[in-house]
Amino acid sequence: MKSDIEIARSIELTKIKQIAREYDIPVEEISNYGRYIAKVPETLIDEEKVKKSNLILVTAITPTKAGIGKTTVSIGLALGLNKIGKKAFCALREPSLGPCFGMKGGAAGGGYAQVLPMDKINLHFTGDFHAITSAHNMITALLDNYMYQNKDNGFAMKEVLWNRVLDVNDRGLRYIVTGLGGKTNGITRESGFDITPASEIMAILCLAKDEDDLRRRIENILLGFTIDNKPFTVKDLGVAGAITVLLKDALSPNLVQTTEHTPAFVHGGPFANIAHGCNSVLATKLAMTFGDYVVTEAGFGADLGAEKFYNIKCRKAGLQPKLTIIVATAQGLKMHGGVDVDKIKEPNMDGLKEGVKNLDKHIENLQSFGQTVVVAFNRYANDTDEELDFVRQHCEEMGVGFAINNAFMEGGDGAIELANLVVNTIENNPSQPLTFTYDETDSVEEKVTKIACELYGAKQVLFGPAARKKIQMIKDLGYTNFPVCIAKTQYSFSTDPKLYGVASGFNFAVRDIVINAGAEMLVVVAGEMMRMPGLPKEPQALHIDIVNGEIEGLS
């Protein structure tokens, strides 16, 4: 089979204005970024149409090194829905350069279920990530300058909470010292870098409802505390207008197309292990304005992306998904069943039977939100009929819909079974109104404990000294009503990335809490989770190149 990028190059793209025209998006309103990408203004959102659209979330079992293929299922389902005559869009996140040149090599789907042009989407795209990076670091530079220029007037910061960001995996930048050298180089202080997807600006862009809300949220960003212990915000710095200007174009969602020329909005890119893991509210609502069915995804496993999709994004945006799809693979389930990663391609029914416990726990969690759940089984060439039949029967015994997804190999044709299951389930057994894990009025400790104990299976939550200090700070500032965003390993329900399957009875250790006053959420850092990833021993960058004028190595 051709590589992902070879498949992408083999498809003759349709001009983006033609895509827009076919799906009733006013072409006079969109702004082209070349022939095949466009910005669509958020002012086209129609809330009445949003209420009538069918929103479908795609999530997954706990991910493994074997991969799950959630984005491929999301795109494939949109293709399958259009194949059976439905007007369907997908709404996805933008890829980050960090994983693109690190572990993944790209994040635009795979095989014959991709969003295109995949090389541009995986690289600089429309510059949204660069705008977010620039806006975040502009705030940092302006803050440092304010401290430097006003130090002789008695102004000083007791504590700075605002880090820098960069869209590159670089462990050497996690903890740094700035302002070294002569006094004209600024004030010497400790600082550090997070990756751009963890930036509060990214979260703000993805949660803002319009330009005014974007500016309001930027003003509310908490930068730190002055020497007399008063909170200092971007509004105090007086630069919210300038930062909004930097983000003006980035606020509008990006319209692209799939391998079968169906429309896709690709906008925003927070990671689900260190941020809230969902594409922008604006992109989702634009897709729901013009599509009868909208497929969106939330990053990593359902314990991370899906939980945050419901408790943060849906709660704040008023969204009600009609259905949740959980993606599973035989290889992933076998790994959760204790099979070594180098043997998961071999038949192993005992490992599979043990591994479905991970799937069951995720389904139980999703149903606790009032969601109707169906399983999409991503088929690989070495999966046996016995393995497929077992998982299908297991799901049927649980009363959960099941369909095999072959979109990677067959495009929309390979997702027709899943598309029909989705439509029939929404028509006959749609999800109930969302039941959230916690109330906004719960304390920070209660919110974290409910997620950790009820969804993850923890015995208790242990708050470290830094976390307890932040909890008191949150109470003093009046931020206790914010939802919590857990930052933890994606490879386990616990904080131990090697504890596969279904962890239970463990202590859930909270190290720190990052206050995102502008995004209006509290990022709870658990275990050893880092908000700036490192590169693997063999980064994908070693395989990315230009050969005879063509990009190779992206996937």
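For the range 227-240, enumerate the residues that are assigned to a loop (DSSP other than H, G, I, E, B) and surrounded by 16 or more Cβ atoms within 10 Å (Cβ to Cβ). Passing the criteria: only 239.
Among the strands (runs of 3 or more DSSP E) confined to the range 117-203, the ones with at least 1 residues that are among the aliphatic types (A, V, I, L, M) are located at 157-160, 164-166, 176-178, 193-195.
Against the conditions (1) open to solvent by 10 Å² or more (accessible area, probe 1.4 Å); (2) under 22 Å from residue 170 (Cα atoms); (3) of a type in the set (S, T, N, Q), residue 126 satisfies every one except (2).
Residues that are assigned to a helix (DSSP H, G or I) and within 20 Å of residue 281 (Cβ to Cβ) within the range 14-50 comprise 29, 42, 43, 44, 47, 48, 49, 50, listed in sequence order. Selection of first residues in the range 410-435 that are more than 17 Å from residue 58 (Cα to Cα) and of second residues that are in a helix (DSSP H, G or I) and of a type in the set (D, E, K, R), restricted to Cβ pairs under 7 Å at least 6 apart or on distinct chains, gives the following pairs, ordered by first then second residue: 413/83. Evaluate the following for residue 224: is it surrounded by 13 or more Cβ atoms within 10 Å (Cβ to Cβ) and without any contact (Cβ under 8 Å) to a residue 40 or more places away in the chain? Against the criterion (surrounded by 13 or more Cβ atoms within 10 Å (Cβ to Cβ) and without any contact (Cβ under 8 Å) to a residue 40 or more places away in the chain), residue 224 does not qualify.
Annotation note: Cβ proximity below 7 Å between a residue of the range 103-115 that is outside any strand (DSSP E or B) and a residue that is of a type in the set (D, E, K, R) (sequence gap 6+ or interchain) occurs for 111/4; 112/410. Out of the residues in the range 472-514 that are among the β-branched types (Val, Ile, Thr) and more than 21 Å from the chain's Cα centre (by Cα), which is most open to solvent (accessible area, probe 1.4 Å)? Here the answer is 502. If the condition is being in contact (Cβ under 8 Å) with a residue 40 or more places away in the chain, open to solvent by 60 Å² or more (accessible area, probe 1.4 Å) and over 23 Å from the mean Cα position of the chain (by Cα), then the range 453-466 contributes 459, 460, 462. Condition test on residue 502, is it at pLDDT 95 or above, in contact with a strand residue (DSSP E or B) (Cβ under 8 Å, 6 or more places away or on another chain) and among the hydrophobic types (A, V, I, L, M, F, W, C)? Judged against the criteria, residue 502 is not a match. Just a yes or no: is a residue in the range 392-404 within 29 Å of residue 262 (Cβ to Cβ) and modelled with pLDDT under 95? No, the range 392-404 contains no residue that is within 29 Å of residue 262 (Cβ to Cβ) and modelled with pLDDT under 95.
Residues checked against (1) in a helix (DSSP H, G or I); (2) not small (Gly, Ala, Ser):
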position	(1), (2)
316	yes, yes
320	no, yes
338	no, no
345	no, yes
351	yes, no
358	yes, yes
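For residue 239, are the conditions met, namely being at pLDDT 95 or above, under 27 Å from residue 86 (Cβ atoms) and of a type in the set (Val, Ile, Thr)? So residue 239 does not fit the description; no. State whether one or more residues within the range 40-48 are open to solvent by less than 10 Å² (accessible area, probe 1.4 Å) and farther than 30 Å from residue 338 by Cα. Looking through the range 40-48, at least one residue is open to solvent by less than 10 Å² (accessible area, probe 1.4 Å) and farther than 30 Å from residue 338 by Cα. Among residues of the range 405-430 being under 30 Å from residue 261 (Cβ atoms) and among the polar types (S, T, N, Q), the one that is surrounded by the most Cβ atoms within 10 Å (Cβ to Cβ) is 405. Among 296, 244, which is the only one that is among the polar types (S, T, N, Q) and either part of a loop (DSSP other than H, G, I, E, B) or surrounded by fewer than 23 Cβ atoms within 10 Å (Cβ to Cβ) (or both)? Answer to the selection: 244.
Only one of the numbered conditions (1) over 30 Å from residue 513 (Cα atoms); (2) not in a strand (DSSP E or B) is not met by residue 276, and that is (1). Does the range 49-77 hold any residues that are open to solvent by 10 Å² or more (accessible area, probe 1.4 Å) and under 16 Å from residue 419 (Cα atoms), and which are they? 54, 70, 71, 72, listed by residue number. Residues being within 25 Å of residue 494 (Cβ to Cβ), among the polar types (S, T, N, Q), without any contact (Cβ under 8 Å) to a residue 40 or more places away in the chain and open to solvent by 10 Å² or more (accessible area, probe 1.4 Å) are represented in the range 355-371 by at least one member. Put simply, of 450, 469, 498 the only residue that is part of a loop (DSSP other than H, G, I, E, B), over 30 Å from residue 81 (Cβ atoms) and without any contact (Cβ under 8 Å) to a residue 24 or more places away in the chain is 498.
Consider residue 518 carefully, then state whether it is open to solvent by less than 30 Å² (accessible area, probe 1.4 Å), at pLDDT below 95 and more than 20 Å from residue 64 (Cβ to Cβ). The answer is no for residue 518. Within the range 204-221, work out how many residues are under 20 Å from residue 310 (Cβ atoms), of a type outside the set (Lys, Arg) and open to solvent by 10 Å² or more (accessible area, probe 1.4 Å). Residues meeting the conditions: 1.
Do we have any residue at all in the range 70-90 that's part of a loop (DSSP other than H, G, I, E, B) and closer than 30 Å to residue 244 by Cα? No, there is no match, as no residue in the range 70-90 is part of a loop (DSSP other than H, G, I, E, B) and closer than 30 Å to residue 244 by Cα. For the range 50-66, filtering for residues that are among the hydroxyl-bearing types (Ser, Thr, Tyr) and modelled with pLDDT under 95 leaves 1.
Test residue 109 against the criterion of being surrounded by 24 or more Cβ atoms within 10 Å (Cβ to Cβ), touching a Ser or Thr at 6+ places or on another chain (Cβ under 9 Å) and at positive phi, and give yes or no. Here the answer is yes, as residue 109 does meet what is asked. Every test in (1) out of contact with any Asp or Glu (no Cβ under 9 Å at 6 or more places or on another chain); (2) surrounded by 15 or more Cβ atoms within 10 Å (Cβ to Cβ) is passed by residue 350 save one, and that test is (2).
The values are calculated or read from the model by the stated rules, or taken from the named source; none is laboratory data. On a predicted model such as this, the values are computed, not experimentally measured, just so you know. Here Cβ is always computed from backbone atoms with ideal geometry, including for glycine, and neighbour counts include all displayed protein chains. Ligands, DNA and RNA are excluded from the accessible area calculation, which covers all protein heavy atoms including side chains. Shrake-Rupley method; radii C 1.70, N 1.55, O 1.52, S 1.80 Å.
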